[in-house]
Amino acid sequence: MAYSVFISHASVDKWVAGQIAKEIAATGAESFLDSRAIETGDHIDEQLRTALNEADELLVVLSPAALERPYVWIEIGVAWGRGKRIVGILHGLTTSDLAARDGTPAFMKGVLLRDINQLNQYLEELTRRVRR
């Protein structure tokens, strides 16, 4: 079974998430991206729940828009509750912005986050996990 990454993002960040999904595929991992995986007539919540349960880790594109999306926070909470690795990729935010925001869960303040310009570092780390 292939290593799987669930990609959480705001809809306005769909293009960025799609580019990240392509890079993840190049590591040998699979990714779940709602816009590619959920088809007309599918039960959206069930598809999201199943994919997140099956994923090895969650990658969340943390942008100003994502911080306002309840589904992003739900997906982060589910991943945290299931003990999954949570990878935060900052896009248009800094760690200080996230820490200063009211409502950011305390556990997110302790997670090492990467700026989108450091995506290659994450991909190298992911490649090592995939090969294990």
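Structure data summary
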{"quantity": "Where a residue in segment 120-132 is in contact (Cβ under 8 Å) with a residue 12 or more places away in the chain and its partner, wherever it lies, is in a helix (DSSP H, G or I), with Cβ under 7 Å and at least six apart", "calculated": "Leu123/Glu23; Leu126/Ile24"}
{"quantity": "Hits in segment 10-66 - residues which are surrounded by 18 or more Cβ atoms within 10 Å (Cβ to Cβ), in a helix (DSSP H, G or I) and either touching a Cys at 6+ places or on another chain (Cβ under 8 Å) or not β-branched (Val, Ile, Thr) (or both)", "calculated": "Asp13, Ala17, Ala21, Asp34, Leu48, Ala51, Leu52, Ala66"}
{"quantity": "For Leu93: the one exception among (1) of a type outside the set (Lys, Arg); (2) closer than 18 Å to Val5 by Cα; (3) in contact with a helix residue (DSSP H, G or I) (Cβ under 9 Å, 6 or more places away or on another chain)", "calculated": "(2)"}
{"quantity": "First in segment 69-86 and over 13 Å from Gly103 (Cα atoms), second anywhere and surrounded by 15 or more Cβ atoms within 10 Å (Cβ to Cβ) and among the aromatic types (Phe, Trp, Tyr), Cβ under 8 Å, 6 or more apart", "calculated": "Glu75/Phe6; Ala79/Phe6; Ile86/Trp80"}
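We did not get these values from a lab; they are worked out from the coordinates using the rules stated. In this text the structure is predicted, and so the values were computed from the model without any measurement. FYI the Cβ positions are ideal-geometry reconstructions off the backbone, even for glycines, and counts take in every protein chain you see.
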